[in-house]
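Engineer: If you scroll down you'll find the structure; I have some questions about it.
All of the numbers you see were taken from the coordinates with simple rules; none came from a lab. Not measured: the values here are computed from a predicted model. In this analysis, Cβ positions are derived from the backbone assuming ideal geometry, glycine residues included, and neighbour counts consider all displayed protein chains.
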């Protein structure tokens, strides 16, 4: 058994502690970047161990939920520390996560899966309702605040915030119930006899619990190291005279690295159902858990919260949902669909740099 998945999370956490205590240097920054990549690989390994023990779709749910909870903690801490200046932070983070997952992650999975396996399939019965819930949550949280009239543009009133938070949490809870209990079979992958990992004996309860603990440690290290590296990223963005929104995109991409790597590996192994479960589940959790958390912080500490996206981002979101509905409509995919999603993702990144 390889020992690196045990030592990497411990080493990454130790390096994070050193980076917090010591002043930043070029050598320490390079070490933090390398540790972040290693922690991502360790997180995916331990998520796969847990997934093999509990089975699908619980395994992908564990990784999506763990990453989202830590991401929410990072956003809330930055909101409280930054005060009114961080009013658009939740909106920028959620919008970036939706675009990264629905176009970047899904597009990459479809492209590499199509290149290796020509065609792949997944269950429309599971992906369709999940995508419908994502469209509804995104519209309630990111689109409607731009058009409501009770408060200034792009904001909600206190009662509207409370409604959006309850609706987001309720819809996410229903999705988890459907995914794990009522219609679990809609999210189960087709068994590939050539995939040896399917037939491998599951780990023991002790191994699964240890991997779960190391998974949380790895993810916490990823988020912490991303936060440590963010000043260097911010300095690079400022030096390049790029818009401030690029900083949020860069940090979101770092935080979503474990899910991206896990979903891409599943697609390469012809397990596109697992990739879809992870991508759509992560996007839903990103909204369903983040909105209630930031609304609670906003109301509790009387902090302003800007949620509505502007015209350019609204068009990109609409394009993403139209193309996504076409992609998920048949249950079969090829590299062409992946290329379309990646072009939209490239447009999102380019227009963030050149708005």
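Engineer: May I have the extent of the alpha carbons of the chain along their three principal axes, as whole Å values ordered from largest to smallest?
Structural biologist: Principal extents (largest minus smallest coordinate, Cα): 57, 50, 36 Å.
Engineer: Shifting gears a bit: Report the gain in length on full extension from residue 26 to residue 3: 0.36 nm times residue separation, minus Cα-Cα distance, nm rounded to one decimal. Intermediate results must be reported in sequence, preceding the final value.
Structural biologist: Values: separation 23, 0.36 × 23 = 8.28 nm, distance 2.88 nm.
Full-extension gain reported as 5.4 nm.
Engineer: Rounded, prolate or oblate: which fits the stretch 1-157, taking a ≥ b ≥ c as square roots of the Cα gyration tensor eigenvalues, rounded meaning a/c under 1.5, else prolate when a/b beats b/c? Before the final figure, lay out the partial values.
Structural biologist: On the way: a/c = 2.17, a/b = 1.12, b/c = 1.95.
It is oblate, given that a/c is not under 1.5 and a/b is not larger than b/c.
Engineer: Now a separate question. I want to check the label-to-label distance for residue 125 and residue 153. Put each point 7 Å from Cα in the C-beta direction and report it in nm to one decimal.
Structural biologist: Modelled inter-label distance: 4.7 nm.
Engineer: Here's another thing I want to ask about it. Can you sort 109, 32 so the residue with the fewest Cβ neighbours within 10 Å comes first?
Structural biologist: 32, 109
Engineer: Related question: Is the stretch 228-327 best put as rounded, prolate or oblate by its Cα gyration tensor, with a ≥ b ≥ c the root eigenvalues, rounded for a/c under 1.5, and otherwise prolate when a/b is larger than b/c, oblate when not?
Structural biologist: prolate
Engineer: Just check the stretch 127-273 against the gyration tensor rule for me: Cα atoms, a ≥ b ≥ c as the square roots of the eigenvalues, rounded for a/c under 1.5, and otherwise prolate or oblate depending on whether a/b exceeds b/c.
Structural biologist: Values: a/c = 2.18, a/b = 1.30, b/c = 1.68.
Taking the square roots of the gyration eigenvalues as a ≥ b ≥ c, the stretch 127-273 is oblate.
Engineer: Label residue 332 and residue 41 with points 7 Å out from Cα along Cα→Cβ: what is the distance between them in nm?
Structural biologist: Placing both labels 7 Å beyond Cα along the Cβ direction yields 3.7 nm.
Engineer: Do you know the relative contact order of the chain, to the nearest whole percent, from alpha carbon pairs under 8 angstrom that are 6+ apart?
Structural biologist: Details: 497 pairs, mean separation 138.0, N = 355.
So the answer I get is 39 percent.
Engineer: Do you know the relative contact order of the stretch 71-177, to the nearest whole percent, from alpha carbon pairs under 8 angstrom that are 6+ apart?
Structural biologist: 16
Engineer: Select from 219, 257, 209 the residue whose mean-square fluctuation is largest in a Gaussian network model of the chain (Cα-Cα springs shorter than 10 Å).
Structural biologist: Its mean-square fluctuation being the largest, the pick is 209.
Engineer: Sorting check: for 314-327, 261-274, which peptide has the highest mean count of neighbouring beta carbons within 10 Å, and how do the rest follow?
Structural biologist: Taking the mean over residues of other Cβ atoms within 10 Å, the ranking is 261-274, 314-327.
Engineer: With an 8 Å Cα cut-off and a minimum separation of 6 or more residues, compute the relative contact order for the stretch 217-344 in percent.
Structural biologist: 12
Engineer: Would you please state which residues of the stretch 1-31 a label at residue 213 would reach in this model, taking the label point 7 Å out along Cα→Cβ and a backbone N cut-off of under 20 Å?
Structural biologist: In the stretch 1-31, the label zone of residue 213 (backbone N under 20 Å from the point 7 Å along Cα→Cβ) covers 1-17.
Engineer: Figure the gain on full extension for residue 146 and residue 188 (residue separation times 0.36 nm, minus the Cα-Cα span) and round it to one decimal in nm.
Structural biologist: Extra length from residue 146 to residue 188 when fully extended: 11.3 nm.
Engineer: In nm, to one decimal, how far is the modelled label at residue 180 from the one at residue 354, with both set 7 Å along Cα→Cβ?
Structural biologist: Simple spin-label model gives 4.6 nm for this pair.
Engineer: At a 10 Å Cβ-Cβ cut-off, how would you order 227, 312, fewest neighbours first?
Structural biologist: 312, 227
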